[in-house]
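The values are calculated or read from the model by the stated rules, or taken from the named source; none is laboratory data. Because the structure is a prediction, the values reported are computed rather than measured. Cβ coordinates were reconstructed from backbone atoms using ideal geometry, including for glycine residues, and neighbour counts include every protein chain displayed.
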Amino acid sequence: MTRIIAFESSADETSVAIVEDGHTVLSNSVATQINSHRRFGGIVPEVASRHHIEWITRVLDDALKQAALTPKDLDAVAVTYGPGLVGSLLVGLMGAKTFAMAHHLPIVPVNHLAGHIAAARFAGKVEYPAMALMVSGGHTELVLMREENDFKVIGETRDDAAGESYDKVGRLLEFPYPAGKIIDDLARKNQATVKFPTAMAHDDNYDFSFSGLKSAVINYVHNAQQRGENLNKGELAASFQNAVVDALLGRTKRALENYPVKTFILAGGVAANQQLRQTLTALLETFPETTFLPVPMQYTGDNAAMIGAAGYWNYQAGIFADLDLNTDPGLDF
Ligand code: KG4
Ligand code: ZN
């Protein structure tokens, strides 16, 4: 049995978790700062770093307490070293290094994106080859995995990430940040009345583009305002979401047709989207050889449990870091 304590602080969540054998969450303590950033319409890096400093030891104590464990019950310390905001990442990294040094534990470096994907392990067994659709506030990628810890990006966004487009359209419609869940809830209760373009639907690749869709929504709203029309935000939310989900679905279908895989993973903050989960479930029914593993709802957003799951892969592969491990804010696969 391997117990890993994991630290995550790449954006606006401070989190520490303890995970057993990469799939059993013994504790997952998450402190979110969303309320502090909301009035600015996005994450303010300096504010985020300060919050992480305030919260890191509290979530650490809480994670140990929730699991009813002491440091001597642990085998390693996993930590997110990128991608993310440098000032935010540094706080988790310093916390992890200090804990590791004090308790003579090895440090396992973890890529935040691999963490989002590894959270699929909390839903079931991942069999290879596998494919993941990683959709978050900063990334939109189709990733092929021939085996554990082997990531090949076959498609990615050329401009905005899917979550970013939700947040930008949300800002336009004067919804609080982050707008993903608000738009998702509104879309469920309203009819889509506007057909927005699904970018690059016919290109022969697996890439995404969401900035054209964002501009189309902005133009629509400005034109309506100029004509003095009342905006139906619910119908707009439903129309925008249809276009996002269509784009994600179209690329995924093409990728699955060309790369037969045993497991298909949906991961990242946008993986909480109900319409996306439902339409992907229906799509995957047409690929009977492939098991659909969407990350469980409570682990779609940033959390340390997912870092503990990915840390287990690295631990087993013998990937360790020294105390001179640094952050890598622009890290990709
Ligand atoms: O993975 P995440 O928590 O943080 C990053 O690593 O970026 O993703 C956050 C993003 C935000 O853009 C948020 O608006 C979006 O995920 N999001 C959603 C939903 N819940 C969160 N987007 C669409 N539908 C949702 N239900
Ligand atoms: Zn994330």
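Can you pull out the residues in segment 194-235 that are part of a helix (DSSP H, G or I) and more than 25 Å from Leu133 (Cα to Cα)?
Residues of segment 194-235 part of a helix (DSSP H, G or I): 211-226, 233-235.
Of everything in segment 194-235, those that are part of a helix (DSSP H, G or I) and more than 25 Å from Leu133 (Cα to Cα) turn out to be Ile218, Asn219, Tyr220, Val221, His222, Asn223, Ala224, Gln225, Gln226, Lys233, Gly234, Glu235.
Among the numbered conditions (1) over 30 Å from Ala130 (Cα atoms); (2) among the polar types (S, T, N, Q); (3) within 16 Å of ligand 1 (Cβ to nearest atom), tell me where Gln275 comes up short.
Gln275 satisfies every listed condition except (1).
Looking at segment 298-317, I want the residues that are part of a helix (DSSP H, G or I) and have a partner that is among the charged types (D, E, K, R) and within 15 Å of ligand 1 (Cβ to nearest atom) with Cβ atoms under 8 Å, at least 6 apart or on another chain. Which pairs are those?
Listed pairs, sorted by first residue: Met306/Glu8; Ile307/Glu8.
Restricting attention to segment 285-297, report how many residues are within 16 Å of ligand 2 (Cβ to nearest atom) and either modelled with pLDDT under 95 or outside any loop (DSSP other than H, G, I, E, B) (or both). Step through it out loud before you land on a result.
Kept after step one, since they are within 16 Å of ligand 2 (Cβ to nearest atom), are these residues of segment 285-297: 294-297.
From the residues that got through so far, the ones that are either modelled with pLDDT under 95 or outside any loop (DSSP other than H, G, I, E, B) (or both) too are 294, 297.
Residues flagged as within 16 Å of ligand 2 (Cβ to nearest atom) and either modelled with pLDDT under 95 or outside any loop (DSSP other than H, G, I, E, B) (or both) within segment 285-297 amount to 2.
What number of residues within segment 123-152 satisfy the criterion of being hydroxyl-bearing (Ser, Thr, Tyr) and either free of Cβ contacts under 8 Å to residues at least 12 places away in the same chain or within 12 Å of ligand 1 (Cβ to nearest atom) (or both)?
At the first step, the residues of segment 123-152 found to be hydroxyl-bearing (Ser, Thr, Tyr) are 128, 136, 140.
Add one more test, that the residue is either free of Cβ contacts under 8 Å to residues at least 12 places away in the same chain or within 12 Å of ligand 1 (Cβ to nearest atom) (or both), and what stays is 136, 140.
The number of residues fulfilling the criteria is 2.
Could you pull out the residue among Ala130, Ala162 that is in contact with a Gly (Cβ under 9 Å, 6 or more places away or on another chain) and either under 25 Å from Phe287 (Cα atoms) or of a type in the set (A, V, I, L, M, F, W, C) (or both)? Talk me through it step by step, then tell me what you get.
Values: Ala130 fails: in contact with a Gly (Cβ under 9 Å, 6 or more places away or on another chain).
When all the criteria are applied, what remains is Ala162.
Those residues that are over 13 Å from Ala237 (Cβ atoms) and over 14 Å from the mean Cα position of the chain (by Cα), I need them from segment 157-166; list them, please.
Going through segment 157-166, the residues over 13 Å from Ala237 (Cβ atoms) turn out to be 157-164.
Residues satisfying the conditions are Thr157, Arg158, Asp159, Asp160.
Would segment 160-171 turn up any residue that is touching a residue at least 60 places away in the same chain (Cβ under 8 Å), among the β-branched types (Val, Ile, Thr), within 12 Å of ligand 1 (Cβ to nearest atom) and over 26 Å from Val25 (Cα atoms)? Walk me through it before giving the result.
Applying the first criterion (touching a residue at least 60 places away in the same chain (Cβ under 8 Å)) to segment 160-171 yields 162-163, 165-167, 169, 171.
Restricting the remaining residues to those that are among the β-branched types (Val, Ile, Thr) gives 169.
Adding the requirement that they be within 12 Å of ligand 1 (Cβ to nearest atom) leaves 169.
Narrowing the set further to residues that are over 26 Å from Val25 (Cα atoms) leaves 169.
Looking for residues that are touching a residue at least 60 places away in the same chain (Cβ under 8 Å), among the β-branched types (Val, Ile, Thr), within 12 Å of ligand 1 (Cβ to nearest atom) and over 26 Å from Val25 (Cα atoms), one finds at least one in segment 160-171, hence yes.
Considering only segment 182-196, I want to know if a residue exists there that is within 16 Å of ligand 2 (Cβ to nearest atom), surrounded by fewer than 20 Cβ atoms within 10 Å (Cβ to Cβ) and under 22 Å from the mean Cα position of the chain (by Cα). First the steps, then the outcome.
Here is the first cut: in segment 182-196, the residues within 16 Å of ligand 2 (Cβ to nearest atom) are none.
No - not one qualifying residue is present in segment 182-196.
Look through Tyr220, Tyr177 and report the one residue that is of a type in the set (Ser, Thr, Tyr) and either buried (at least 21 other Cβ atoms within 10 Å of the Cβ) or touching a residue at least 40 places away in the same chain (Cβ under 8 Å) (or both).
Numbers: Tyr220 fails: either buried (at least 21 other Cβ atoms within 10 Å of the Cβ) or touching a residue at least 40 places away in the same chain (Cβ under 8 Å) (or both).
Within the list Tyr220, Tyr177, the selection yields Tyr177.
Just a yes or no: is a residue in segment 249-257 in the same structural domain as Phe151 (by TED's automatic domain parsing) and within 16 Å of ligand 2 (Cβ to nearest atom)?
First, pick out the residues of segment 249-257 that are in the same structural domain as Phe151 (by TED's automatic domain parsing): 249-257.
This time we only want the ones that are within 16 Å of ligand 2 (Cβ to nearest atom), so: none.
No, the conditions are met nowhere in segment 249-257.
Kindly provide the set of residues from segment 178-193 that are more than 15 Å from Tyr166 (Cβ to Cβ) and assigned to a loop (DSSP other than H, G, I, E, B), ordered by number.
We begin by selecting, within segment 178-193, every residue more than 15 Å from Tyr166 (Cβ to Cβ); these are 189-193.
If the condition is that a residue be more than 15 Å from Tyr166 (Cβ to Cβ) and assigned to a loop (DSSP other than H, G, I, E, B), then Asn190, Gln191, Ala192, Thr193 are the ones that fit.
Could you pull out the residue among Gly155, Gly137, Gly163 that is surrounded by 17 or more Cβ atoms within 10 Å (Cβ to Cβ), more than 28 Å from Gln33 (Cβ to Cβ) and either modelled with pLDDT of 95 or more or within 16 Å of ligand 2 (Cβ to nearest atom) (or both)?
Numbers: Gly137 fails: more than 28 Å from Gln33 (Cβ to Cβ); Gly163 fails: more than 28 Å from Gln33 (Cβ to Cβ).
Sole residue among the options that is surrounded by 17 or more Cβ atoms within 10 Å (Cβ to Cβ), more than 28 Å from Gln33 (Cβ to Cβ) and either modelled with pLDDT of 95 or more or within 16 Å of ligand 2 (Cβ to nearest atom) (or both): Gly155.
Which one of Ala48, Ala31 is surrounded by 21 or more Cβ atoms within 10 Å (Cβ to Cβ) and within 16 Å of ligand 1 (Cβ to nearest atom)?
Only one candidate passes the filter, namely Ala48.
Pick from segment 300-312 the residues that are of a type outside the set (Gly, Ala, Ser) and either more than 10 Å from ligand 1 (Cβ to nearest atom) or at pLDDT below 95 (or both): which of them is surrounded by the fewest Cβ atoms within 10 Å (Cβ to Cβ)?
Our first condition is that a residue be of a type outside the set (Gly, Ala, Ser); within segment 300-312, this holds for 300, 302-303, 306-307, 312.
Subset that is either more than 10 Å from ligand 1 (Cβ to nearest atom) or at pLDDT below 95 (or both): 307, 312.
Values: Ile307: 35, Tyr312: 27.
By that ranking, first place goes to Tyr312.
Being at pLDDT 95 or above, within 15 Å of Ser136 (Cα to Cα) and not in a loop (DSSP other than H, G, I, E, B) narrows it down to one residue among Ala282, Ala271, Ala243; which is it?
Values: Ala282 fails: within 15 Å of Ser136 (Cα to Cα); Ala243 fails: within 15 Å of Ser136 (Cα to Cα).
So the residue among Ala282, Ala271, Ala243 that is at pLDDT 95 or above, within 15 Å of Ser136 (Cα to Cα) and not in a loop (DSSP other than H, G, I, E, B) is Ala271.
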